[in-house]
Structures are given as structure tokens and as C-alpha cells.
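Notes follow once the structure below has been shown.
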């Protein structure tokens, strides 16, 4: 079973470079699926999100769910990069890259991983509004929790 690449970092990432690194020298990969989650401006009211985490806990938990994806689908590689710190609208927050011999496994595993990350990853998001006020902590959305049920 491949070892997933998991990084939690402050700075941005290059999705194309991450995909290329996962596929470098490989001829058994038939599909790579990438998903990049971006920070929205929430209708123009959001100046930035401040993402907080416990470093060891976040990486371990993301690694645990990546291992689950590797057990459930015939994947040849997984890369997950999640940012923390201040993130402005339009900036990338998260990257999921899955590789498999066939597209279905890569798509399904990427969707599973994002459903998990959106709902249960150990990150806390605080909104900072354009008028300079604190928008509070972002609560988990019911529809994100419901998406996990199918897995």
C-alpha cells in the first residue's frame, strides 16, 4: 500500500507540481484527480479566514483518513495539503490528489477525502470581516455532515 503524503502548512501550494510529483516516473497510473478548495468572500463580507489547528493532531487525523481511503479504493497514491493561518478570499485552503489505475477509484476517493476534510478535519476557522470586525467561529454545516453518511 502506498504511503500518503500529508502536509499541513502555512504557505500556499502548487497543485500541478503536487500532481506531477505523485506521478513522476510512474507508468501504472491511469488517472489523477485533484481538488483544490478555495476561500470564498461570502458575498463580499469576508476579509479573511484565520485557520487554527493542533499540528500533531491535524496531521495524524488527516493521515488516518488517507489510510482509510487507501484501504477502500485501489489507489496508487494520495497527497493532501491543508493550509492554516490567515487565508484571504480567492486563496487556496486545501488540496487533495488521488491516483489510481482507473478514474472511478480516483474520483470516489477524492470525494470521500474532501467530505471528511470539510466535516471532521481538526481545524477551526474564524471569520474576519471587511468592516474590521470578528465574524466568529465557522460552524459545521448540516449538509457537509450529511455528505459523510454515504461513505
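Looking across segment 71-108, the residues that are buried (at least 19 other Cβ atoms within 10 Å of the Cβ), touching a residue at least 60 places away in the same chain (Cβ under 8 Å) and over 30 Å from residue 44 (Cα atoms) come down to 75, 76, 77, 78, 79, 98, 99, 100, 105, 106. Checked against the criterion of being assigned to a loop (DSSP other than H, G, I, E, B) and out of contact with any helix residue (DSSP H, G or I) (no Cβ under 7 Å at 6 or more places or on another chain), the candidates 50, 41, 56 yield just one match: 41. Among the conditions (1) in contact with a strand residue (DSSP E or B) (Cβ under 7 Å, 6 or more places away or on another chain); (2) over 30 Å from residue 132 (Cα atoms); (3) surrounded by 12 or more Cβ atoms within 10 Å (Cβ to Cβ); (4) modelled with pLDDT of 95 or more, residue 2 misses just one, which is (4).
Specify the residue that is surrounded by the fewest Cβ atoms within 10 Å (Cβ to Cβ); the eligible residues are those in segment 41-56 that are touching a strand residue (DSSP E or B) at 6+ places or on another chain (Cβ under 7 Å) and closer than 22 Å to residue 97 by Cα.
55
The values are calculated or read from the model by the stated rules, or taken from the named source; none is laboratory data. All values derive from a computational prediction rather than experimental measurement. No Cβ is skipped: glycine too gets one built from the backbone with ideal geometry, and neighbour counts run over all protein chains shown.
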